[in-house]
Structure formats: C-alpha cells, structure tokens
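These notes concern the structure reproduced below.
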Amino acid sequence: MLLAGCSVTGEEAHQSLVEEIQYRGHNPFIKAAEVKELEKRIQAISLAPDLYDDPFGVQFNPRNMAILDNFKDQYDHPGMMRDINLARQGFDAAVAAHYPRIGLATNCDLASSDGYFMNNDDQPHQFDWQFIQGDCEDGLVQGVARVTATKPAKADFVGRFDRGTMLEGVFTTTQPDGARIIQIGGVSFDGRVARLLSSKFNVNGYQWHRFGDFAANNKFDGFGINVWGYTNKMMVRAVGTFENDELEGFAGKQELRTVGDGKFWATWLGMYSKGTLNGLGAWTNGISHIKVGQWQDGEMNGVGYGQFASYESDYHEFYAGRFEKGERQGAFQVLAQNSFGEGTKVEQYQNGNYIDDSEDDFDFGQLFAVAAGAAIIGGADIPDAAKVDIGTAFMADVMSDTGTTNMQSLQNTYQQQLQRNNNVPAVAGTAQQASATAKPAGGLKTYNAKITCEDTGVTNTIPVPYRTEACRIAAIDFAQTFACNKLDQDRVTRNCQSACGDPQCLQQ
C-alpha cells in the first residue's frame with residue numbers, strides 16, 4: 001500500500017518510524033516519570049510490526065501482542081488462547097478437553113434455567129434446558145452433566161453444576177444465518193458476573209472472540225478483550241476495564257485511520273471514561289506519529305508531547321506544548337532533527353494553524369513543573385496504572401490552577417478502595433486458606449463445596465457459609481478463584497458484595 005502518492009509502502013514507513021525511535025530514543029521534553037512510562041508503552045506498540053497472513057489469522061501478531069502486554073497481569077493469556085483454539089475445533093473438542101468424564105445418571109432435575117449465554121442481541125440468551133446425563137445428588141444435578149434445549153432455539157451445554165445450578169461449562173448454539181456460537185467458562189445470571197470466552201464463527205470465515213467478565217446482559221462488566229478475527233489477522237479491537245460495555249479506566253483500543261493514501265490501525269492507550277480517553281493517554285498511527293499527554297473526550301486537551309518521523313524524508317522532531325480540542329494552541333517547543341544536525345525552536349499555533357517561530361509568554365516552566373512534581377509519583381512503588389491515574393490528577397491541578405482539588409478527590413477514592421481491599425485476602429494460595437476465610441457466623445447454613453483446581457487437579461472440600469442461594473453460589477465461585485490462584489479475583493469479590501453484602505461472601 002502506497003502513501004501520499006509516492007513510492008513509500010506502509011511497511012517501509014513503519015520501518016522508518018522504528019529506526020527513528022531506536023536512534024532518537026525518548027522525547028527529551030518529557031520529565032514526569034508516569035508520562036515517560038506511558039511513552040515507553042506506546043513506543044513499544046509502535047515498534048511492533050502489524051503483520052498479516054499466516055500464522056496471524058490464528059494467533060496475535062507482534063503489534064497486537066504489544067498491546068495485550070499492557071494487561072498481562074489481568075488475565076491468563078495462554079488459557080485464553082487454549083480456549084479460542086478449542087472453540088475453533090468445535091463443541092465436542094472443547095467438551096473433551098474440559099470435561100473428559102460425564103456421569104451416567106439420566107433422571108436428574110435442574111434447579112433453574114436462569115443461566116445467561118452471550119449471543120447476538122436479537123437471538124436467545126436463555127434456554128429451557130432438559131437433562132440428558134451426568135452426576136446427581138438428592139435428585140438434582142451435582143457435578144458434571146450434559147443438558148440440551150430445543151426452545152427457544154436448539155442449544156447444548158456440558159459443564160459443572162451445583163445443586164442443579166449451572167456454574168461453568170461449554171455452550172453452543174447455531175444462529176439462523178448459520179453462524180456458530182461457542183462459549184467456554186463461567187455462566188452469568190442475574191447478580192453474577194462470570195469470566196468466560198464467547199466466540200462467534202460466521203460462515204464467511206470471520207470470527208469474533210470476546211473474553212473477560214460478563215454480566216447477564218451480553219455486556220462486559222470488568223476486564224475484557226474484544227477480538228476481531230479476520231481470516232488473515234487477529235486484531236484487538238479493545239482491551240481493559242469496562243463498565244456496562246464501555247471502556248472505563250486503564251484501557252486500549254484500535255481504530256482504522258487514513259494516512260496518506262492508505263488505511264492503518266491506530267492505537268490509543270490510557271485512562272478512559274465512558275468509552276473515550278479522558279486523562280493521561282497516548283496515541284500512535286504506527287506509521288509516523290506518537291502523541292502522549294492530557295486528553296478530554298477523546299481529543300488531546302492540555303499538555304501534550306509528540307514525536308514525528310517523516311516517511312518522505314529524513315526529518316524528525318520531538319515537541320511539547322498545549323492542545324485545545326485536539327488542536328495545537330499557543331507556543332510549542334520543537335527539537336527538529338535530520339541527517340545534518342538538530343536545533344531547538346519555538347513555534348506559534350492558533351487553532352491548529354502554524355503562525356510563526358516567535359516567542360510568546362507561554363510558561364514552559366509551568367509545563368515542566370508538572371514533570372518535576374510528578375516524578376515523585378513515578379518513583380513510587382505502586383502499579384503503573386495507578387501512576388497514570390495519579391499523574392492525570394496532578395497534571396490537571398497544576399495546569400488548571402485548581403489547587404489540589406483533583407488530587408484530593410483521587411486520594412479519597414483510593415482510601416475507600418484501600419478500606420475495601422483490607423477486607424479481602426490478596427491471594428489465597430491454598431484451599432486451606434480459602435477455607436479459613438469462610439467460617440460460619442450466627443445461624444448461617446454451611447455448604448461443603450468440592451473445589452477442584454484445573455491446573456493442578458487437586459480437589460479440596462471447603463465449608464461455605466451462606467444464608468441465601470445467591471450468596472452460596474457466589475461463595476463457591478469466590479472459594480474456587482482464591483483457592484486456585486486465578487487472576488479474576490476482582491470479579492468474584494464484586495459478585496460477593498452484590499450477592500452477600502460482603503466482598504468475602506461472609507453474609508451476615
């Protein structure tokens with residue numbers, strides 16, 4: 001694909017950007033540690049080639065893996081890819097891998113058919129299930145079983161039940177146009193968010209994979225990865241924290257954008273609110289340009305830093321200045337470089353239009369005061385996402401003359417979160433630890449849940465206290481997740497809070 005009517009291809013333009021990043025390094029105008037961290041991440045994404053064709057129709061290419069690497073502590077990537085490949089092989093292969101043994105009883109009952117399954121909005125999500133065979137106890141499905149449905153559409157499910165309630169499994173149905181739906185993982189229902197993979201296979205070869213935390217409304221609620229599976233490329237459309245299916249918190253996304261005469265996938269990474277960048281964020285077109293700074297409603301608004309590498313010449317520049325609604329406004333410091341040398345200048349802009357190279361009264365000291373103060377944040381021993389969050393509030397206070405309003409608000413939020421977290425164990429390394437957190441109180445009932453960790457095959461019985469059936473199901477999920485050291489602990493503590501009124505499922 002050619003750019004701007006010249007003989008430069010997209011691959012050549014990307015290689016030019018790679019060489020400039022490797023040779024020039026980082027933007028010298030950036031002093032704040034958390035902004036440097038975000039620039040490092042967007043540069044790593046820019047350096048990775050966005051490749052097509054074999055084998056990237058069935059695995060992520062380097063560009064998409066670089067995006068996912070920003071979220072590797074929030075999900076099990078090998079586990080997700082295992083289930084995607086099992087879904088590609090079909091329902092029977094997924095069942096054989098996850099549930100090799102199915103009980104032989106044939107006269108058990110289900111407690112309910114409340115399980116909610118991901119599907120197109122105009123297609124069924126709940127089904128009238130009929131028991132086929134499996135394990136039973138006291139007349140109810142208990143353990144692994146197979147069920148089927150004919151109403152409101154044909155569907156099949158094999159998975160793990162507890163007292164007749166679906167907990168997790170493999171689900172399949174076929175849409176009227178022939179598209180296959182396969183779901184692997186937890187089962188959502190009212191009040192329960194489940195981590196799962198939902199894959200759709202169109203007859204034309206296109207695949208749609210959604211992995212993460214789903215509520216019983218066909219929407220992400222927590223961590224999620226939205227993957228568009230073209231026949232020649234697996235592409236991360238969006239990844240990060242979702243609230244009601246919109247990005248909310250630290251996240252990334254890709255969208256197709258025109259550069260010259262070609263179209264390329266641009267990447268945004270940073271703090272989102274209601275689906276758009278709001279706060280500290282970064283962007284690259286992967287061809288010639290990188291931007292890092294403050295964003296509002298999806299546009300750069302406030303202090304911004306950039307790197308530009310021309311694919312038509314050897315010109316390269318770093319810059320720093322202020323943006324208003326995505327446009328350069330006022331004075332910009334520019335470090336211009338080419339093969340003959342480099343020089344620093346100040347350029348003036350009005351509503352994005354270049355005016356001249358004269359100085360004005362823009363306070364570059366204020367610009368870099370943000371960096372000096374925020375360096376303390378960057379050096380702190382806290383997660384990178386928290387550094388981005390704190391840095392956003394700090395920059396807003398300095399540049400907007402709000403005193404410490406934003407930082408104080410964020411501090412209050414973190415204090416509330418800390419208080420919540422102090423009530424939840426960070427990691428329960430063994431089933432015995434999970435059991436120790438679940439001691440019955442008062443007149444609560446106790447249920448002995450049999451917990452098997454898939455990775456180790458170890459099975460333990462853990463006493464689960466409960467008063468309501470919804471709390472019992474949430475407590476089983478909590479025990480399973482913490483006892484087996486799974487990564488979706490935030491999901492189960494939210495379910496416990498919702499079903500039991502306590503993040504540890506200790507219902508009072």
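What follows is calculated from the coordinates using simple rules that are stated; it is not laboratory data. Treat the numbers as computed from the prediction; the structure is a model and nothing was measured. Methodologically, a virtual Cβ is constructed for each residue, glycine included, from the backbone with ideal geometry; neighbour enumeration extends over all protein chains shown.
List the trypsin sites (Lys or Arg not before Pro) in the stretch 286-335 that DSSP assigns to loop (not H, G, I, E or B) and whose Cβ has at most 12 other Cβ atoms within 10 Å. Which are they?
Here the sparse-neighbourhood loop sites are LYS325.
Give the calculated FRET efficiency between ASN338 and MET65 to the nearest 0.05, with a Förster radius of 35 Å applied to their Cβ-Cβ distance.
After rounding to 0.05, the efficiency reads 0.60.
Can you give me the Kirkwood hydrodynamic radius for the stretch 145-201, using every pair of distinct Cα atoms, in Å to one decimal?
Final number for the Kirkwood radius of the stretch 145-201 is 12.0 Å.
Using the Kirkwood radius over Cα pairs, work out the Stokes-Einstein diffusion coefficient for the stretch 44-160 at 10 °C and 1.306 mPa s, in µm²/s as a whole number.
It diffuses with D of about 92 µm²/s by this estimate.
For SER288, SER339, what ranking results if the residue with the fewest other Cβ atoms within 10 Å of its Cβ goes first?
The fewest-first ordering by Cβ neighbours comes to SER339, SER288.
Within the stretch 303-346, which GluC sites (Glu not before Pro) sit in a loop by DSSP and count at most 16 neighbouring Cβ atoms inside 10 Å?
GLU312
What distance in nm separates the simple spin-label points at ASN232 and GLU299, each placed 7 Å from Cα in the Cβ direction?
Going by the 7 Å Cα→Cβ label model, 3.5 nm.
Hey, what's the Cα Rg ratio for the stretch 77-231 versus the globular rule of thumb, 2.2 N^0.38 Å?
0.99
Once label points are set 7 Å from the Cα along Cα→Cβ at both GLN15 and GLU312, what is their separation, rounded to one decimal in nm?
Simple spin-label model gives 2.1 nm for this pair.
Taking 0.36 nm per residue of sequence separation and subtracting the Cα-Cα distance, how much length would be gained by fully extending the chain between ALA44 and SER7, in nm to one decimal?
10.7 nm
Using label points projected 7 Å from each Cα along Cα→Cβ, tell me how many nm separate LYS345 and ASP53, to one decimal.
For the pair LYS345/ASP53, the computed spacing is 4.3 nm.
Please give the Cα centre distance for the stretch 289-350 versus the stretch 135-201, rounded to the nearest Å.
If we compute the Cα centre of each part, the gap is 52 Å.
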